[in-house]
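Read the structure below first, then the notes.
The values are calculated or read from the model by the stated rules, or taken from the named source; none is laboratory data. Everything quoted here is computed from the prediction, not taken from an experiment. Positions of Cβ are backbone-derived with ideal geometry, glycine not excepted, and every protein chain shown enters the neighbour counts.
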Amino acid sequence: MVAAWTALAGLAAVDAVWLSLSRLSFAASNWDSIIRLVLFTAIAFGFCGLVSHRLANETDRVGSALREGAKRVELFAVAALAFALLAVTVIAYCCLGTAAALPLQDARLAQIDRWMGFDWAAFVEFANSSALASWLLVKAYQSTPYMLIGTMLWCCISGQGERLAEFLALSCITSVGIAIGMMILPAAGAYPYYHLPFSAYEHFGAGSGMWHHELLMALRTGQTTVIDFNVPNSNCLVTFPSGHTILAIITTYALRGSRWTLIPALIVNGAMVVSTIPHGGHHLFDLVVGGVIAACAIFFVRLPVSVRRSGLAASGDVGLASA
């Protein structure tokens, strides 16, 4: 969790400094949401601590089950607090970055796609040719929040505290990658760039890849000067790199412990990654960079584990190193 809290604190510090220098302001209602979050988390911690203390010496089946249940609830409270605070810092950063109104780079992203031999418009039309395939891809795209919450719940219910900490660290570190990426190649998305006729993507819906565009333009032009978490699509301002691709990779990685969780995650998240092009409106290069960010974050998080195990193996404690 050190990596997670460090990355989160770094993003929060950048937000605080940038906000003080920006023309944007922080909506008062945001503080109400943050205070409620901290309050509910404190209540959960207090309740779990009380249960654990009262049942610390219980050895019967019911007492042990309640004590373990309290530990699981405490794990989820930590995860919910960390991820909610991460969402706050990331949304604030994205609003600040969008309001900076840097030149949009969609033409360059489209050029990179063509250089890779990818025809974005042709792919969207091909995916749209099947109503069933389009419907499945839309549902896969919409599964992202459920996969996210489900991954954290599974780690908590199964008592995998270390795996949960790893997932939270990956979420925070990849958010730093997203924050850097969106400033290097700010983009509005493929749909605003290509201007496809509705008939080319009608099975994906009229709002595909465009639900963020109104707020994006309002922040860029100064029509909106308030960071308000209650505004629809305030969490969808970034198209480069692809956050959905990153979440697909790290949630699948977090569920790798069993084939009963890994295989469904691979199927759903694989479809979700594909859907980010015709429904999410991403350029292909958005996905590529998102995948690179996720891979680098996994390597960074796993590196201390590898170093620790190498040190234990060198000291002769092979059994503990492989545990």
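Please work out which residue is surrounded by the fewest Cβ atoms within 10 Å (Cβ to Cβ), limiting yourself to region 245-260 and to residues that are more than 14 Å from Y146 (Cα to Cα) and among the polar types (S, T, N, Q).
Among those residues, the one meeting the criterion is S258.
Could you tell me which of the residues A131, A80, A101 is more than 26 Å from the chain's Cα centre (by Cα) and at pLDDT below 95?
Checking each option against the conditions leaves just A131.
From the list P241, P232, exactly one residue is modelled with pLDDT of 90 or more, assigned to a loop (DSSP other than H, G, I, E, B) and closer than 21 Å to C94 by Cβ. Which is it?
Matching residue, one of P241, P232: P241.
Across region 244-259, which residue is farthest from L287 (Cα to Cα) among those that are small (G, A, S) and not in a loop (DSSP other than H, G, I, E, B)?
The extreme case among them is A254.
Return only the number of the condition from (1) among the aromatic types (F, W, Y); (2) part of a helix (DSSP H, G or I); (3) surrounded by 20 or more Cβ atoms within 10 Å (Cβ to Cβ) that F300 does not satisfy.
If we test F300 against (1) among the aromatic types (F, W, Y); (2) part of a helix (DSSP H, G or I); (3) surrounded by 20 or more Cβ atoms within 10 Å (Cβ to Cβ), just (3) comes out false.
Mind listing whichever residues of region 177-198 are in contact (Cβ under 8 Å) with a residue 60 or more places away in the chain and not in a loop (DSSP other than H, G, I, E, B)?
Of everything in region 177-198, those that are in contact (Cβ under 8 Å) with a residue 60 or more places away in the chain and not in a loop (DSSP other than H, G, I, E, B) turn out to be G177, I178, A179, G181, M182, M183, A190, Y191, P192, Y193, Y194.
Show the residue pairs meeting these rules: Cβ distance below 8 Å; 6+ apart or different chains; first residue within region 66-86 and under 14 Å from A44 (Cα atoms) and surrounded by fewer than 17 Cβ atoms within 10 Å (Cβ to Cβ); second residue at pLDDT 80 or above and among the small types (G, A, S).
Taking only residues 6 or more apart or on different chains, the pairs are K71/G159.
Tally up the residues in region 261-283 that are surrounded by fewer than 22 Cβ atoms within 10 Å (Cβ to Cβ), out of contact with any Leu (no Cβ under 8 Å at 6 or more places or on another chain) and closer than 26 Å to A122 by Cα, please.
Residues in region 261-283 being surrounded by fewer than 22 Cβ atoms within 10 Å (Cβ to Cβ), out of contact with any Leu (no Cβ under 8 Å at 6 or more places or on another chain) and closer than 26 Å to A122 by Cα: 4 in total.
Where the second residue is surrounded by 13 or more Cβ atoms within 10 Å (Cβ to Cβ) and at pLDDT below 85 and the first is more than 21 Å from I178 (Cβ to Cβ) and lies in region 290-311, which pairs have Cβ atoms under 7 Å and are six or more apart or on separate chains?
Final answer for the pair search is R309/A321.
For a quick check of your reading of the model, give me the residue pairs whose first member lies in region 199-225 and is touching a residue at least 12 places away in the same chain (Cβ under 8 Å) and in a loop (DSSP other than H, G, I, E, B), whose second is surrounded by fewer than 19 Cβ atoms within 10 Å (Cβ to Cβ) and basic (K, R), with beta-carbon atoms closer than 8 Å and at least 6 apart or on different chains.
That search, which allows pairs on different chains as well, returns G222/R23; T225/R23.
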